[in-house]
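Beneath this line is the structure, given in C-alpha cells, with notes to follow.
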Amino acid sequence: MAPTPAGSHRTRVHVVSDVHGNARDLARAGEGADALICLGDLVLFLDYADHSRGIFPDLFGVENADRIVALRTARRFQEAREFGARLWAGVGADRASVIEKAVRKQYAEMFAAFPTPTYATYGNVDMPPLWQEYAGPGTTVVDGERVEIGGRVFGFVGGGLRTPMRTPYEISDEEYAAKIEAVGEVDVLCTHIPPEVPELVYDTVARRFERGSRALLDAIRRTRPRYSLFGHVHQPLVRRMRIGATECVNVGHFAGTGTPWALEW
C-alpha cells in the first residue's frame with residue numbers, strides 16, 4: 001500500500017477519525033487505498049451512544065455511566081467531576097496507572113489494526129506519550145508537520161483545545177495556533193477538531209457546541225487548502241461545507257459508521 005509518485009496512477013486515500021475502540025472495522029479501513037489517514041481518538045473511555053462500552057463502565061458499571069453522561073449532557077460539569085471523583089476514590093489504586101493500563105490494552109489492539117502505510121495524529125482523548133511504543137514501522141505519527149502522499153502535501157495538527165471536560169490531550173489556543181502556523185500552506189489540512197464554525201462544531205445528539213479552532217479557520221481562509229478534514233464532533237449539524245476555496249469535511253465518526261471517507265486524485 002506504499003504511495004507511488006504523482007502521475008503514475010490515480011491515488012486514493014482513506015481517512016478516519018474518532019475510532020473509539022472500533023478495531024474490527026479499522027483493520028479493513030485501508031482496503032483499496034494507497035494510504036490510510038487517522039485523525040485521532042483511538043481510545044474509548046465512554047460511549048455516549050452505548051453506555052456499556054468503554055473504560056468507564058468497565059470500571060464503574062453501566063448505571064454510573066448513565067449518570068455521568070446525563071450530567072455532562074446537561075452541562076453540569078462540576079457535578080460530573082465531583083461524581084467521578086467519588087467513584088475514583090473507591091477504586092483504591094492510583095487513577096493514572098489504572099487508566100494507562102486500560103489505554104495500553106486498547107492501543108495494542110488499535111495500532112495492530114493499522115494498515116501500511118498509515119499517517120496518524122492525536123485526538124483530544126488520546127495519550128501521545130504512549131503512541132511511539134505502539135506505532136509500528138508502517139505507521140507515521142505526525143503533529144504540526146507535513147507529509148507528501150501521491151504528489152499532494154498533507155498537513156497534520158493533533159489534539160483539542162481546553163474544555164470543562166478536561167480530556168487527556170487538550171492544549172492552549174496559543175500552542176494549537178503555533179502548530180497550525182508550523183504546518184503552513186498545504187493541499188489538505190488534517191486536524192482532529194474542526195474550524196470554529198457553528199454548523200461544524202454543534203453536536204446534535206450531545207446538544208452542545210464542541211470547541212473548534214479559530215486559528216484553524218483563519219488558516220483555511222488565508223492559505224486556501226483544497227480540503228480541511230477533521231472529526232471530533234460525532235453528530236454535527238453539517239458534515240460538509242465550503243469556506244472560500246476549501247472543502248471542509250467531517251470524516252468521523254468512524255466508531256459508529258465503520259466506513260472511511262475516500263479522497264482520490
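The values are calculated or read from the model by the stated rules, or taken from the named source; none is laboratory data. As the structure is a prediction and not an experimental result, all values here were calculated from the model. All Cβ positions, glycine included, derive from the backbone under ideal geometry; neighbour counts span all protein chains shown. What goes into the accessible areas is simple: the full protein's heavy atoms, side chains included, and nothing from ligands, DNA or RNA. Shrake-Rupley method; radii C 1.70, N 1.55, O 1.52, S 1.80 Å.
The set of residues in segment 126-153 being open to solvent by 40 Å² or more (accessible area, probe 1.4 Å), without any contact (Cβ under 8 Å) to a residue 40 or more places away in the chain and assigned to a loop (DSSP other than H, G, I, E, B) consists of PRO137 alone. Within segment 177-189, work out how many residues are in contact (Cβ under 8 Å) with a residue 40 or more places away in the chain and either open to solvent by less than 10 Å² (accessible area, probe 1.4 Å) or in a helix (DSSP H, G or I) (or both). Residues meeting the conditions: 2.
Number of residues in segment 31-50 that are among the small types (Gly, Ala, Ser), under 20 Å from LEU189 (Cα atoms) and either assigned to a loop (DSSP other than H, G, I, E, B) or open to solvent by 10 Å² or more (accessible area, probe 1.4 Å) (or both): the value is 2. For segment 80-91, taking the residues that are open to solvent by less than 70 Å² (accessible area, probe 1.4 Å) and either within 23 Å of ASN22 (Cα to Cα) or among the aliphatic types (A, V, I, L, M) (or both), the one that is nearest to the chain's Cα centre (by Cα) is identified as ALA80.
If you go through segment 216-232 and keep only what is farther than 18 Å from THR121 by Cα and either open to solvent by 20 Å² or more (accessible area, probe 1.4 Å) or part of a loop (DSSP other than H, G, I, E, B) (or both), you end up with ASP218, ARG221, ARG222, THR223, ARG224, PRO225, ARG226.
Among the residues making up segment 155-176, those that are open to solvent by less than 20 Å² (accessible area, probe 1.4 Å) and assigned to a loop (DSSP other than H, G, I, E, B) are GLY158, GLY159. The residues of segment 51-79 that are open to solvent by less than 70 Å² (accessible area, probe 1.4 Å) and either in contact with a Lys or Arg (Cβ under 7 Å, 6 or more places away or on another chain) or part of a loop (DSSP other than H, G, I, E, B) (or both), listed by number, are HIS51, SER52, GLY54, GLY61, THR73, ALA74. Inclusion of MET110 among residues that are touching a residue at least 60 places away in the same chain (Cβ under 8 Å), hydrophobic (A, V, I, L, M, F, W, C), more than 30 Å from THR11 (Cβ to Cβ) and surrounded by 15 or more Cβ atoms within 10 Å (Cβ to Cβ) is not warranted. Being farther than 18 Å from ARG221 by Cβ, surrounded by fewer than 16 Cβ atoms within 10 Å (Cβ to Cβ) and touching a helix residue (DSSP H, G or I) at 6+ places or on another chain (Cβ under 9 Å) is the filter here; which residues of segment 238-265 pass it? Passing the criteria: ARG239, THR257, GLY258, THR259. Go through segment 190-209 and give me each residue that's under 30 Å from ARG12 (Cβ atoms) and assigned to a helix (DSSP H, G or I). Correct list: GLU199, LEU200, VAL201. In a residue-by-residue description of segment 131-145, the property of being touching a Pro at 6+ places or on another chain (Cβ under 6 Å) and closer than 25 Å to MET241 by Cα applies to no position.
Residues that are among the β-branched types (Val, Ile, Thr) and without any contact (Cβ under 8 Å) to a residue 60 or more places away in the chain occur in segment 67-89; there is at least one.
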